[in-house]
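Novice: First the structure, which I've put down as structure tokens, then a few questions once you've had a look.
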Amino acid sequence: MALLRGVNVGGKNKVNMKELKATFEDAGMTSVRTYINSGNAIFTTAGRRQLRLADTLEDAIARRFGFRIDLLVRDLKNMRAVVKAIPPGWKNDDTTKCDVMFLWDAVARPSILKQLQVKPDIDDVRYAAGAIIWRADRNGLTRSGMMKLVGTDLYKQMTIRNVNTTRRLLELMTT
């Protein structure tokens, strides 16, 4: 699976999902499916390393759309580990914001949590399999230390999906 960073946000980096699917197929991926408009592509491929695969897909997207998009490739084992680490009651809804911040390899380590401005009375944050899982009550969201991530160097090395989407992506990978 590929998670694209920063597509179709605020009218920038517009990527049509049908064209994205065709781009992945042209790059040699099979059984390609996209999920919602935020740049999620589920596919199969044989014998390619994740880093090399990410470069191949980024190049194919740049050729098709005329701009570069960073993306992460995650396999089934990784997605299972991330979803397993999300507490069952955590969800993204009207009362709770709950996101999975998938990290680039350069910052993907448990010690990354020490760099975050976590407010224990508002934020619940944990690390799992190359991702930060964050939950906060919506009524305290503006005071959350995690909201200070936007615009930082760390923020540029992640792509974010809410937990509902993350769980659904795993379902799609297994069906």
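Novice: Starting from 0 in steps of 10 Å, tell me what percent of the Cα-Cα pairs of the chain lands in each bin.
Specialist: That works out to 9, 38, 36, 15, 2, in percent per bin.
Novice: Measure nothing but the geometry: give the 0 to 90° angle between the long axis through the Cα atoms of 50-65 and the longest principal axis through the Cα atoms of the chain, rounded to 10°.
Specialist: Once rounded, the angle reads 70 degrees.
Novice: In a Gaussian network model over the chain where Cα atoms closer than 10 Å are linked, find which of 159, 23, 142 has the largest mean-square fluctuation.
Specialist: Largest GNM mean-square fluctuation: 142.
Novice: In degrees from 0 to 90, rounded to the nearest 10, what is the angle of the helix 163-173 Cα long axis to the longest principal axis of the chain?
Specialist: Long axis of 163-173 versus the principal axis of the chain: about 30 degrees.
Novice: Then there's this: Given contacts defined as C-alpha pairs under 8 Å and at least six residues apart, what's the relative contact order of the chain, whole-number percent? Each step should come with its number before you reach the end.
Specialist: Details: 274 pairs, mean separation 39.5, N = 175.
The value is 23 percent.
Novice: Of the candidates 73, 15, 150, which one comes out as most mobile in a Gaussian network treatment of the chain with C-alpha springs shorter than 10 Å?
Specialist: 150
Novice: OK, next. Do the sum for the chain: with -39,500 (n - 2.57) for every DSSP H run of n ≥ 4, divided by all residues, what is the mean residue ellipticity at 222 nm, to the nearest 500 deg cm²/dmol? Don't skip to the end; give the middle numbers.
Specialist: Numbers: 4 runs with 47 residues, N = 175.
Value at 222 nm, helices only, nearest 500: -8500 deg cm²/dmol.
Novice: Can I ask one more? For 14, 77, which order do you get if you count the other beta carbons within 10 Å of each Cβ and list the fewest first? Intermediate results must be reported in sequence, preceding the final value.
Specialist: Details: 14 12, 77 9.
Fewest-to-most ranking of 14, 77: 77, 14.
Novice: Can you tell me the length gained on complete extension of the stretch residue 50 to residue 9, counting 0.36 nm per residue apart and subtracting the Cα distance?
Specialist: Values: separation 41, 0.36 × 41 = 14.76 nm, distance 2.53 nm.
The span from residue 50 to residue 9 would gain 12.2 nm if fully extended.
Novice: Give me the Debye-computed log₁₀ of I(q)/I(0) at q = 0.12, 0.19, 0.21 Å⁻¹ for the stretch 80-163, equal point scatterers on Cα only, no solvent, two decimals.
Specialist: -0.31, -0.80, -0.99
Novice: Taking square-rooted eigenvalues a ≥ b ≥ c of the alpha carbon gyration tensor, is the stretch 2-73 rounded, prolate or oblate, where a/c under 1.5 means rounded and, failing that, a/b exceeding b/c means prolate? Walk me through the numbers before you get to the answer.
Specialist: Numbers: a/c = 1.70, a/b = 1.47, b/c = 1.16.
Prolate shape, in that a/c is at least 1.5 and a/b is the bigger ratio.
Novice: Within a 10 angstrom radius of the beta carbon, how do 124, 99, 93 rank from fewest other beta carbons to most? Mind dumping the intermediate values first?
Specialist: Details: 124 16, 99 22, 93 11.
Going from least to most buried by this count: 93, 124, 99.
Novice: Could you compute the net charge surrounding residue 92? Neighbours are other residues with a C-beta less than 14 Å from the C-beta of residue 92; K and R count +1, D and E count -1. Write out the running numbers ahead of the final one.
Specialist: On the way: positive: 91, 97, 135, 138, 161, 167, 168; negative: 93, 94, 99, 124, 137.
With Lys, Arg at +1 and Asp, Glu at -1, the net is +2.
We did not get these values from a lab; they are worked out from the coordinates using the rules stated. This structure is a prediction, so every number in the text was calculated from the model and none was measured. No Cβ is skipped: glycine too gets one built from the backbone with ideal geometry, and neighbour counts run over all protein chains shown.
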